[in-house]
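See structure below.
The values are calculated or read from the model by the stated rules, or taken from the named source; none is laboratory data. Bear in mind that the values here come from a model prediction, so they are computed numbers and not experimental data. Glycine gets a Cβ as well: all are built from the backbone with ideal geometry, and neighbour counts include every protein chain shown. Areas reflect the complete protein model, heavy atoms only, side chains present, ligands, DNA and RNA absent. Shrake-Rupley method; radii C 1.70, N 1.55, O 1.52, S 1.80 Å.
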Amino acid sequence: MNFRRFLIFSSLFALAACGDASERPRTKSAAVEAVASTEALPSYEAQGVISSLEGQILTLDHDGASAAGLKPGRNQFKAYADVLAEAPITPGDRVKFQFKKTPTGLEVSKLEPRD
């Protein structure tokens, strides 16, 4: 009989400790933040050679773009699927590209083969 009482009281205590979930303030989960459109940002043109492509990160050795303040060298650009679908993406390919300077970094907006 004592064991049953102990079991009942411990069950009630456990339920009371849980409380009502609706009373607790909900914390914001790690949601994806909306990215502002880059359509209004100016585009800059440059040319270069594809060094590598890993996921959405395209590494280019390029001639620079003085209007954008980008010196010649190697930079990483974010490239979305719509841009990559119509362009050569093999390392070593020579390309002309347009890019934008966004708050999160450099972003390729157009990529095409260079003759």
Check your understanding: Using the Cβ atoms and a cut-off under 13 Å, what net charge is assigned to the surroundings of residue 78, where Lys and Arg are +1 and Asp and Glu are -1?
Key -> -1
Study note, to complete from the structure: In the neighbourhood of residue 110 defined by beta carbon distances under 11 Å, the net charge of the other residues (Lys, Arg +1; Asp, Glu -1) is -3
Point to revise | Surface accessible to a 1.4 Å probe, per residue, for the residues of the stretch 42-112, Å² | key: 56 Å²
Check your understanding: With every protein chain in place, what's the accessible area of residue 66 (1.4 Å probe, Å², nearest 10)?
Key -> 120 Å²
